[in-house]
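Read the structure below first, then the notes.
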Amino acid sequence: MGKGRFITLEGGEGAGKSTLARALSERLSAAGITARTTREPGGSPKAEAIRGTILAGQVRDFGPFAEALMFSAARIDHIDSLIRPALERGEWVICDRFIDSTRVYQGVLGKLDRALLAALEAVTVSGLMPELTLILDLDPQIGLARAAGRRRPGEAADRFEGETLAFHRNLRQAYLAIAQAEPQRCVVLDATQPPEALAEAAWRVLRERLPVDPEP
Ligand code: TMP
């Protein structure tokens, strides 16, 4: 295994994860580190196909556990075809959403049993855990308005954006609970900051938590 590092970005809708992923990747590249940004669901051709199916709401009628299984199927392909090979080459991988999204979205929405989700997570990731997870915290009313602003005219909200505000408020609390339970992995960042300030705050955490080894 090379010196690759695995970082995940999490948070509700419209929190600015993909903008932050790009900003961090640029800063890492400027520091001489090969960084790769990717996302879930998706990140590999097969997982992107599953993404389209889930976000169009085509799995919804099969129930929350089936949705969790589909996210997991996409994740297995993404890990096998992109994440593990990149880490083995010594690259840093910045992934927009990962296991915490399943814990939070499927856990909260489907009220799925925690032990069941934990067992599914264990077989899905097979030992691959992020070293650092940045949780972008934002009032869901602001996040949903941002997400709506990004849609093309006439485009409908996707499978999860279309859920109730109460659901999105519960998601926020569930993310904060994960951060509290796993402080060694998770850091909460205030996502109301402008993108440049958020990138700066995230960069400081990254440098502190994952110092780059000096060249031998
Ligand atoms: P996004 O990448 O544009 O945020 O869209 C992904 C959506 O899928 C978002 O609403 C969160 C949801 N999601 C889950 O419900 N479970 C998961 O495991 C993942 C990765 C995403």
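Before moving on, here are some points about what is shown:
- Most mobile listed residue (Gly42, Gly90, Gly32) in the chain, GNM with C-alpha springs under 10 Å: Gly32
- DSSP loop trypsin sites (Lys or Arg not before Pro) with at most 14 other Cβ within 10 Å: longest gap in the chain: 4-88
- Of Phe71, Ala145, Ala174, farthest towards positive along the dipole that unit charges on Lys, Arg, Asp, Glu beta carbons give the chain: Ala145
- Largest-first ellipsoid semi-axes for the chain, taking √(5λ) over the Cα gyration tensor eigenvalues, angstrom: 26, 21, 17
- Region 18-83-region 181-211 distance, computed between alpha-carbon centres (Å): 21
- In this simple spin-label model, placing a label point 7 Å from the Cα along the Cα-to-Cβ direction at both Val205 and Ala56 gives a separation of 3.5 nm.
- Other residues with beta-carbon under 13 Å from the beta-carbon of Ala15 carry, at +1 per Lys or Arg and -1 per Asp or Glu, a net charge of -3.
- Residue order, fewest to most beta carbons within 10 Å, for Glu208, Glu10: Glu208, Glu10
- Simple Cβ-charge dipole of the chain, Lys/Arg +1 and Asp/Glu -1, about Cα centre, in debye nearest 20: 160
- Comparing mean-square fluctuations of Ala74, Ala122, Ala15 from a GNM of the chain with C-alpha springs under 10 Å, the top value falls on Ala122.
- Amide H contacts under 5 Å for Arg39, placed H, 5+ residues apart: Asp96
- For the chain, the residue among Leu112, Ala157, Gln184 whose Cα projects farthest onto the positive side of the dipole built from Cβ charges is Ala157.
Where a number appears in this text, it was derived from the coordinates with a stated rule and is not lab data. From a predicted model like this one, the values you see are computed outputs, not experimental measurements. Positions of Cβ are generated from backbone atoms using ideal geometry, with glycine treated the same way; all protein chains shown enter the neighbour counts.
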